[in-house]
Amino acid sequence: MATRRGQLLDGVLLLDKPEGLSSNHALQRAKRTVDARKAGHTGTLDPFATGLLVCCMGRATKISAAMLQADKIYEATLGFGEETDSGDLTGHVVFQAPPDAAPVALADLERVLPGFMGEIEQIPPMYSALKRDGRPLYEYARQGIELERAPRRVTLYRLDILDFSPRQARLSVHCSKGTYVRTLAQDIGRALGCGAHLTALRRTAVGPFSLADAVTLEALQAMPRPQDALIGLDALPAGLMPAGSTQKDEL
């Protein structure tokens, strides 16, 4: 029976997070809709980004550690001609290509992309949740403070051009955990010499889970039984749940 605290539900909800909501706000709305007592997600999306948010209810939260290590796939739209301090459309412009600069050609983009394939180093953006002295970096950034950040090694498995124009390009990015697609956009813009930033970002896969199987908040809220959207523990891909955790245990 449902209580004010919610039901003891176990399973995974694949949510198509809308633009404008933080990952936590989207999770909390989904949690209330399915009336779950315990919920968490396995990897944050920025508010401007959309796409796959893996929401874990009850004992399914045990897969969080495995999912944080999982590879991810994004569709990233890069706007050419400007770099922002945040690496995306929410930031302030810090570099602008001169008006007489030659437009970006498809051949230019095809020339620079291989340099970002495989294992590369990225410097984490100041607008990130990484902490220094107990404070997230974005708090320093909002005060106009820039701190030294150690580079991180990440892996890009695939970079495919989906659409192109001289003003923007849409890429499919298959990457390892810890990859900042905003930083990738900045670095591509610098390699091209014109500057670039993310104008849109959509996550299409997390480990074995695909956006094709996700449900929107609106569709979830319209369901007579939104709990039916959960993937049960026994139906999860093999190896995600720790051994023995499909047995009933204390929460």
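The values are calculated or read from the model by the stated rules, or taken from the named source; none is laboratory data. Nothing here was measured: the structure is a model prediction, and the numbers come from that model. All Cβ positions, glycine included, derive from the backbone under ideal geometry; neighbour counts span all protein chains shown. Each accessible area value is taken on the protein alone, full model and side chains, heavy atoms only, with ligands, DNA and RNA left out. Shrake-Rupley method; radii C 1.70, N 1.55, O 1.52, S 1.80 Å.
Take 8, 113 and sort them by solvent-accessible surface of the protein heavy atoms, 1.4 Å probe, largest at the top.
Of 8, 113, the descending order of accessible area is 8, 113.
The angle between the Cα long axis of helix 181-192 and the longest principal axis of the Cα atoms of the chain comes to about 20 degrees, rounded to the nearest 10. Excluding ligands, DNA and RNA, the accessible surface per residue across the range 1-75 is 43 Å² with a 1.4 Å probe. GNM on the chain, alpha-carbon springs under 10 angstrom: the most fluctuating residue among 28, 143, 122 is 143. Only protein heavy atoms count here; on that basis, with a 1.4 Å probe, residue 111 has an accessible area of about 150 Å². Can you give the FRET efficiency to the nearest 0.05 for residue 28 and residue 138, using r as the Cβ-Cβ distance and R₀ = 30 Å? Efficiency at R0 = 30 Å is approximately 0.90.
Of the solvent-accessible surface of the range 14-95, computed with a 1.4 Å probe over protein heavy atoms with every protein chain present, carbon and sulfur atoms account for 49 percent. Between residue 5 and residue 217, residue separation times 0.36 nm minus the direct Cα-Cα distance comes to 74.3 nm.
When 139, 121 are compared by accessible area at a 1.4 angstrom probe, the order from most to least is 121, 139. A probe of 1.4 angstrom, applied to the heavy atoms of all protein chains, finds residue 95 with accessible area near 90 square angstrom.
Of 88, 187, 228, the residue with the largest accessible area leads and the full order is 228, 187, 88 (1.4 Å probe). Within the assembled protein chains, the solvent-accessible surface assigned to residue 74 is about 20 Å², based on a 1.4 Å probe.
Solvent exposure of the range 115-251, expressed per residue, is 55 Å² of accessible area, with all protein chains present and a 1.4 angstrom probe.
A cut-off under 11 angstrom between Cβ atoms defines the neighbours of residue 139, and their net charge, with Lys, Arg +1 and Asp, Glu -1, is +3.
The share of accessible area on the range 122-195 that comes from carbon and sulfur is 46 percent, using a 1.4 angstrom probe.
Classify the chain as rounded, prolate or oblate from the Cα gyration tensor: take a ≥ b ≥ c as the square roots of its eigenvalues, call it rounded if a/c is under 1.5, otherwise prolate when a/b beats b/c and oblate if not.
Cα axes put the chain in the prolate bin.
Full extension of the chain between residue 234 and residue 153 gives 25.7 nm of extra length, using 0.36 nm per residue less the Cα-Cα distance.
The number of Lys pairs in the chain with C-alpha atoms less than 28 Å apart, excluding pairs fewer than 8 positions apart on the same chain, is 23. Counting only C-alpha contacts under 8 Å and six or more residues apart, can you give the relative contact order of the chain as a whole percent? Answer for the chain is 29 percent.
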